[in-house]
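Read the structure below first, then the notes.
The values are calculated or read from the model by the stated rules, or taken from the named source; none is laboratory data. None of these values were measured; they are calculated from a predicted model. Glycine also receives a Cβ, built like all others from the backbone with ideal geometry; neighbour counts cover every protein chain displayed. To get the accessible areas, we keep the full protein, side chains included, count just its heavy atoms, and leave off ligands, DNA and RNA. Shrake-Rupley method; radii C 1.70, N 1.55, O 1.52, S 1.80 Å.
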Amino acid sequence: MTQVSRYHPLLAALHWLLALMIIAMLAIGFFALAVTPNTDPHKIDVLEVHMAAGMLILALMMIRFIVRMCTARPPRLSSGSCFLDRITPIAHYGFYVLILLMVGSGYATGILARLPAIVFARSGEPLPPSFAIFPTWTVHRAVAVMLVGLIVLHVIAVCYHQFIKKDGLFRRMFFR
Ligand code: HEM
């Protein structure tokens with residue numbers, strides 16, 4: 001493959017779109033869904049947006065993965081630490097794994113709680129008293145916390161490259 005100095009523009013565009021969508025989903029989850037009782041009639045509207053956006057994130061993530069496999073990438077930059085260089089690809093693939101787990105556990109919770117009928121078909125049935133009765137919800141919450149941790153680590157690593165090593169890492173994920 002040809003040597004390039006930046007990621008493909010489609011890959012960069014999907015990166016920033018997904019970053020915004022995932023952060024918005026985490027914010028909606030923690031600050032809207034988790035604090036709203038299931039008896040609140042507006043919760044169904046928020047769940048509708050959350051569930052639809054979650055599935056869109058999975059679709060965009062799969063498209064991004066395919067584009068990543070098919071396009072040339074700039075050479076990997078070293079952090080200066082052998083250990084950190086080894087765990088970087090694991091952390092990057094970790095995003096794909098955690099998003100898969102997020103959507104899988106969210107979807108499984110939705111099925112167990114009969115959410116497709118309640119939320120999308122507006123069957124009129126009430127939401128279950130709490131989602132905490134479903135083990136898949138515990139997984140959903142735990143993976144959400146792990147995802148927040150991975151995002152924080154990712155931002156710290158980018159800042160280290162950009163401001164301490166000054167190796168222009170940020171520029172590689174932007175457009176010409
Ligand atoms: C990238 C994808 C997703 C992210 C980042 C995400 C994030 C979150 C977060 C942070 C919470 C709050 C957890 C808590 O209570 O502390 C939550 C709750 C929930 N999510 Fe997701 N979610 C995603 C996808 C989905 C999908 C695809 C579905 C279903 C199809 C779904 C269904 C739910 C349900 C039913 C709850 C429980 C609401 C409650 O706590 O009352 N999620 N999500």
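The number of residues in segment 88-108 that are aliphatic (A, V, I, L, M) and farther than 22 Å from ALA12 by Cα comes to 4. Selection of segment 21-39 for residues being exposed (fewer than 13 other Cβ atoms within 10 Å of the Cβ) and under 18 Å from the mean Cα position of the chain (by Cα) yields ALA27, PHE31, ALA34. The set of residues in segment 72-94 that are surrounded by fewer than 10 Cβ atoms within 10 Å (Cβ to Cβ) and under 17 Å from the mean Cα position of the chain (by Cα) contains only ILE90. Among the residues of segment 142-176, those identified as in contact (Cβ under 8 Å) with a residue 12 or more places away in the chain, open to solvent by 70 Å² or more (accessible area, probe 1.4 Å) and under 21 Å from the mean Cα position of the chain (by Cα) are MET146, LEU153, PHE170, PHE174. Condition test on PHE95, is it modelled with pLDDT under 95 and among the hydrophobic types (A, V, I, L, M, F, W, C)? No, not satisfied. Does PRO135 satisfy the criteria of being in contact (Cβ under 8 Å) with a residue 24 or more places away in the chain, more than 11 Å from the ligand (Cβ to nearest atom) and not small (Gly, Ala, Ser)? When the stated conditions are applied, PRO135 does not pass them.
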